[in-house]
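The values are calculated or read from the model by the stated rules, or taken from the named source; none is laboratory data. Here the structure is a predicted model, which is why all the values come from computation and not from measurement. Cβ coordinates were reconstructed from backbone atoms using ideal geometry, including for glycine residues, and neighbour counts include every protein chain displayed. What goes into the accessible areas is simple: the full protein's heavy atoms, side chains included, and nothing from ligands, DNA or RNA. Shrake-Rupley method; radii C 1.70, N 1.55, O 1.52, S 1.80 Å.
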Amino acid sequence: MMTGESPQDATANYADDRASPANNPIAPMRGVSDGKTTTVMSTHKGISGTIFEAAFVDPAYTWPPAEGQGKNAIELQASTALMKSAAPQDPIDELDDDEVSLTPSMMSSDDEGPTSPRSSRRKTTQSRTATTKKKKGFRCCKSTDEQIISDPSMSDLVESPSSNSHRSSSSNRKVGSKAERRAERQRRILAKKKKRRREARARERYRRVPEGILIYRLDTSDRTITLVSGPSSNTDMNSLMRQMVVINARPSSDISRRGIVLTGVKGEIHTLVACEQRTAIAWLESMDMMLASKPNDATRAAMENQLGESIQMKRVLSQKSTHSNWAKGKESKLSQSERDQIEERYVNLAAYSNNLIRAGAFPNSQAKGKGKTTAGGGGGIYYTVTQIHDDGEAYDEETLESIAKRRAVIKDSWDFFRMVCSLLRDKRKYDEVFRKLQLDPVYSYLNSMTGLNDPGDDMAMGGNIGADKPITQMHFAEYDDMSNSQIAKDLVRRAEVALPSLVEICKALAGSLGMEEVGVGPVKDVSAAIRKAEKKYEGDVLKVTDYCRALLVVKDFSTLLALLELARDSFGPLIRRVKLSTLKSDRNAKPGGYRDCIINLELKDHICEIQIHMWPMWVICGVDGFRHYRHCLEYSTDTFGDPYEALAGLDRKTMAELIVMAEEAVADMPLETLEWYHEKFILDYFAEVGLFLHHGLYEWADTTLRALIKLRCQSPDIGPDHHETITLYKYLEQALRAQKRIDEADEVAAKITEYKELKTNEKFEADKSLWDQWVTEPFESIVDPNKKEREEEERIKKEVRASKKAWRKIREERFKFLDAN
């Protein structure tokens with residue numbers, strides 16, 4: 001940098017030097033996005049790729065900005081800078097090719113006057129994120145200075161039939177080698193002129209980049225990353241990365257989860273930290289795809305520019321892409337054309353998703369937390385994507401529609417996977433709650449009780465299948481001449497008659513026991529009754545016993561015992577069934593882990609149902625508990641030991657697309673702004689961790705898990721020893737071992753072991769130790785082989801007697817009114 005020269009001017013001069021063909025033979029290959037959708041002509045034929053431009057954090061600054069500045073202020077500053085950088089129309093701009101922006105919707109087509117017979121241009125509404133195609137063929141067209149800031153008044157310009165016929169005739173015309181060389185020379189000259197004009201406009205635009213932001217350009221066609229903006233006042237010019245030919249890229253362990261560690265062809269290592277999470281993810285995935293391919297002519301030219309014809313150059317070219325996950329497994333067998341198609345689809349989806357985020361197309365686009373806008377920021381202002389394709393492959397509305405349809409499919413897949421994570425999370429909560437409920441001193445007494453007409457649903461324990469249900473609705477003579485639907489309709493009518501009586505009984509029980517949670521469900525309709533009968537009872541609608549239903553919520557097992565005693569003494573002759581089986585320690589829970597008690601009683605010749613819920617279980621899902629049960633039953637989620645098993649069998653392309661959807665889901669809440677009470681986003685990030693682990697992004701899985709563990713430890717309802725926190729530790733151990741960080745993984749494993757020992761001790765105290773049966777002397781077992789069984793029976797009897805004694809004491813203190821009954 002010369003004396004008296006500002007950092008911005010120094011970088012601008014540096015960019016001028018790089019643009020010189022003499023100094024950089026690959027310079028014409030790269031295009032610069034200047035705030036509009038541009039096309040770039042390449043001097044290398046047969047090469048495809050993608051150009052990204054995005055905002056990164058200057059290492060001398062922090063991001064997000066400090067209080068008082070705010071992301072909104074930076075975004076406004078960036079937007080104003082872009083508007084000021086609009087250059088007047090220039091004759092060189094008329095050389096720009098077809099333009100297409102990946103926006104969520106296309107404006108209606110409208111002609112805009114005469115155009116060149118050899119050109120076509122599609123102009124669309126521009127959002128802050130512009131996704132464009134750039135082609136290598138030579139076609140002239142008029143240019144417009146379309147800024148990144150949205151302009152809803154712009155309409156499409158569609159290609160005229162005459163241009164179609166002209167292009168078709170031109171492509172079929174045979175030309176001699178001399179004419180081809182002349183055309184190629186002219187194409188290169190025009191490409192260089194257009195490039196210099198764009199770079200001039202880009203330098204003007206990027207001089208106004210907000211303080212602390214650096215704009216880098218990634219070109220996957222030649223594997224180069226280039227600084228295209230000027231430095232800030234505090235930038236360290238000695239360590240500033242200006243240009244690099246990338247040979248390796250991996251996630252960094254930056255706590256913001258926005259860092260990428262890059263290794264250059266000369267062995268240099270730099271870390272770039274993006275302003276937004278999805279920028280880092282899209283760039284890293286694209287570089288991973290890029291590095292899986294063999295170096296092309298453009299890449300060789302870029303490497304030669306930095307290394308020259310050296311032994312190191314030959315060694316680099318001979319090395320295989322062992323660092324890229326796309327060069328492993330079945331993805332290593334993909335052809336170059338298949339890789340190009342996968343890259344294009346991924347980039348299209350990522351850009352489309354980014355457009356929706358920037359346009360605020362989602363509800364809650366601004367997260368509510370401490371008055372900050374989390375979805376905004378200067379980073380997204382500079383996010384652009386340009387794709388390199390063969391001449392004539394322009395996006396049309398059908399292509400955009402296919403991208404939207406693909407996003408819808410991936411979005412549905414993401415929603416399903418997230419739902420599986422949610423269902424299994426709640427199942428683990430139910431299991432943990434039931435484990436703690438069994439520590440109740442009266443549980444052994446309850447566990448010893450036998451329900452009425454209650455063989456249970458667990459076939460392994462002698463339970464019944466649906467068709468063998470021990471109770472059924474009364475069969476009236478008129479039902480012999482009625483269809484299933486007519487019988488169900490009559491049962492619904494009888495349920496409506498019995499409902500007032502059921503309500504009075506529930507009120508009496510709740511009033512006596514001081515229960516606050518009482519609910520009366522609507523009478524089951526005919527269609528729902530028929531569906532349940534077909535699914536569980538082989539179509540017999542008389543076996544449906546919850547046409548008329550109500551619910552009560554008790555706070556503990558003592559209250560449940562009091563309720564059962566009160567019901568027996570108050571309306572015992574009306575009771576037809578007491579189902580306690582799911583509350584037994586040796587019986588399975590309902591699908592999804594839920595456990596409750598059911599009382600069926602007959603009112604006015606109709607069997608009704610009272611569901612009795614335990615408050616610690618009820619509070620997990622509340623009234624949505626039935627939805628949880630239904631989904632677990634429908635999708636057989638109990639067969640999953642781990643929610644991440646739902647990702648088994650997915651190919652790498654689909655996994656990358658799912659990560660795009662995951663980032664879309666958390667766009668409102670960057671990881672560093674997450675708080676312990678943001679349950680929705682915590683679940684989103686937990687689901688994304690599974691994608692990272694299956695996709696080989698172990699560093700980002702590590703970073704995310706540490707953040708989630710910290711939040712769970714801060715939660716007043718969870719804490720460091722909660723089963724959810726320990727589950728996160730298990731995944732953290734997995735991520736650490738995948739990174740070969742064995743010492744750290746062993747420390748986490750020790751913490752998990754300590755938790756297991758703690759729970760074992762609790763179980764030891766609650767169950768009066770089941771382990772003593774294993775310490776019997778071998779000789780005694782031989783002399784008396786039934787001694788273990790007899791001792792176990794005696795131990796259980798002692799536990800039940802002690803538990804019944806505890807219940808009598810609690811009954812005397814809390815439920816003395818039962819003696820009056």
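Below is a table of values for the structure above.
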quantity: Number of the exception - residue 558 against (1) open to solvent by less than 20 Å² (accessible area, probe 1.4 Å); (2) under 18 Å from residue 810 (Cβ atoms); (3) in contact with a strand residue (DSSP E or B) (Cβ under 8 Å, 6 or more places away or on another chain); calculated: (3)
quantity: Residue in the range 756-770 that is open to solvent by 40 Å² or more (accessible area, probe 1.4 Å), at pLDDT 90 or above and not charged (D, E, K, R) present; calculated: no
quantity: Selection within the range 509-529 - in a helix (DSSP H, G or I) and over 37 Å from the mean Cα position of the chain (by Cα); calculated: 509, 510, 511, 512, 513, 526
quantity: Condition check for residue 304: closer than 17 Å to residue 226 by Cβ and in contact with a helix residue (DSSP H, G or I) (Cβ under 7 Å, 6 or more places away or on another chain); calculated: yes
quantity: Test set (1) acidic (Asp, Glu); (2) in contact with a helix residue (DSSP H, G or I) (Cβ under 9 Å, 6 or more places away or on another chain); (3) farther than 30 Å from residue 705 by Cβ - residue 236 fails condition number; calculated: (2)
quantity: Hits in the range 527-543 - residues which are of a type in the set (Asp, Glu) and in contact (Cβ under 8 Å) with a residue 40 or more places away in the chain; calculated: 538, 540
quantity: Cβ-Cβ under 7 Å pairs, at least 6 apart or on other chains, the range 230-241 side without any contact (Cβ under 8 Å) to a residue 40 or more places away in the chain, far side assigned to a loop (DSSP other than H, G, I, E, B) and buried (at least 19 other Cβ atoms within 10 Å of the Cβ); calculated: 240/231
quantity: Pick from the range 574-589, criterion outside any helix (DSSP H, G or I) and open to solvent by 50 Å² or more (accessible area, probe 1.4 Å), ranking: nearest to residue 501 (Cα to Cα); calculated: 576
quantity: Residue within the range 630-650 that is in contact with a Gly (Cβ under 9 Å, 6 or more places away or on another chain), part of a helix (DSSP H, G or I), open to solvent by 30 Å² or more (accessible area, probe 1.4 Å) and among the hydroxyl-bearing types (Ser, Thr, Tyr) present; calculated: no
quantity: Test: residue 608 is farther than 27 Å from residue 426 by Cβ and of a type outside the set (Ser, Thr, Tyr); calculated: yes
quantity: Any helices (runs of 4 or more DSSP H) falling wholly within the range 372-450 and containing at least 3 residues that are of a type in the set (Val, Ile, Thr), buried (at least 16 other Cβ atoms within 10 Å of the Cβ) and modelled with pLDDT of 90 or more; calculated: 397-437
quantity: Any hit, the range 534-542, residues being touching a Lys or Arg at 6+ places or on another chain (Cβ under 6 Å) and surrounded by fewer than 20 Cβ atoms within 10 Å (Cβ to Cβ); calculated: yes
quantity: Residue within the range 281-294 that is within 23 Å of residue 307 (Cβ to Cβ), open to solvent by 10 Å² or more (accessible area, probe 1.4 Å), of a type in the set (A, V, I, L, M) and without any contact (Cβ under 8 Å) to a residue 40 or more places away in the chain present; calculated: no
quantity: Of all residues making up the range 669-700, the number that are in a helix (DSSP H, G or I) and more than 13 Å from residue 277 (Cα to Cα); calculated: 17
quantity: Counted residues, the range 244-280 - those being within 13 Å of residue 56 (Cα to Cα), part of a strand (DSSP E or B) and open to solvent by less than 10 Å² (accessible area, probe 1.4 Å); calculated: 3
quantity: Some residue of the range 343-359 being over 19 Å from residue 245 (Cα atoms), modelled with pLDDT under 85 and outside any helix (DSSP H, G or I); calculated: yes
quantity: Failed condition for residue 593, given (1) outside any loop (DSSP other than H, G, I, E, B); (2) more than 23 Å from residue 512 (Cβ to Cβ); (3) small (Gly, Ala, Ser); calculated: (1)
quantity: Given (1) over 40 Å from the mean Cα position of the chain (by Cα); (2) touching a residue at least 40 places away in the same chain (Cβ under 8 Å); (3) in a strand (DSSP E or B), index of the condition residue 560 fails; calculated: (3)
quantity: Options 331, 309; residue that is among the acidic types (Asp, Glu) and at pLDDT 80 or above; calculated: 331
quantity: Those residues of the range 616-629 which are open to solvent by 80 Å² or more (accessible area, probe 1.4 Å) and either closer than 28 Å to residue 491 by Cα or at pLDDT 95 or above (or both), in sequence order; calculated: 623, 626, 627
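Residue-wise test of (1) open to solvent by 30 Å² or more (accessible area, probe 1.4 Å); (2) in contact (Cβ under 8 Å) with a residue 40 or more places away in the chain; (3) in contact with a Gly (Cβ under 9 Å, 6 or more places away or on another chain).
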position	(1), (2), (3)
695	no, yes, no
699	yes, yes, yes
704	no, yes, no
713	yes, no, yes
723	no, yes, no
727	no, yes, no
733	yes, no, no
736	no, no, no
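Yes/no per residue for (1) part of a loop (DSSP other than H, G, I, E, B); (2) open to solvent by 30 Å² or more (accessible area, probe 1.4 Å); (3) under 20 Å from residue 496 (Cα atoms); (4) free of Cβ contacts under 8 Å to residues at least 40 places away in the same chain:
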{"position": "507", "(1), (2), (3), (4)": "no, yes, yes, yes"}
{"position": "545", "(1), (2), (3), (4)": "yes, no, yes, no"}
{"position": "553", "(1), (2), (3), (4)": "no, no, no, no"}
{"position": "572", "(1), (2), (3), (4)": "no, no, no, yes"}
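Listed here are the residues, each with its yes/no results for (1) out of contact with any Asp or Glu (no Cβ under 6 Å at 6 or more places or on another chain); (2) under 20 Å from residue 420 (Cβ atoms); (3) modelled with pLDDT of 95 or more; (4) of a type in the set (A, V, I, L, M).
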position	(1), (2), (3), (4)
633	yes, yes, no, yes
645	yes, yes, no, no
648	yes, yes, no, yes
659	yes, yes, yes, yes
667	yes, no, no, yes
691	yes, yes, yes, yes
702	yes, no, yes, no
705	yes, yes, yes, yes
719	yes, no, no, no
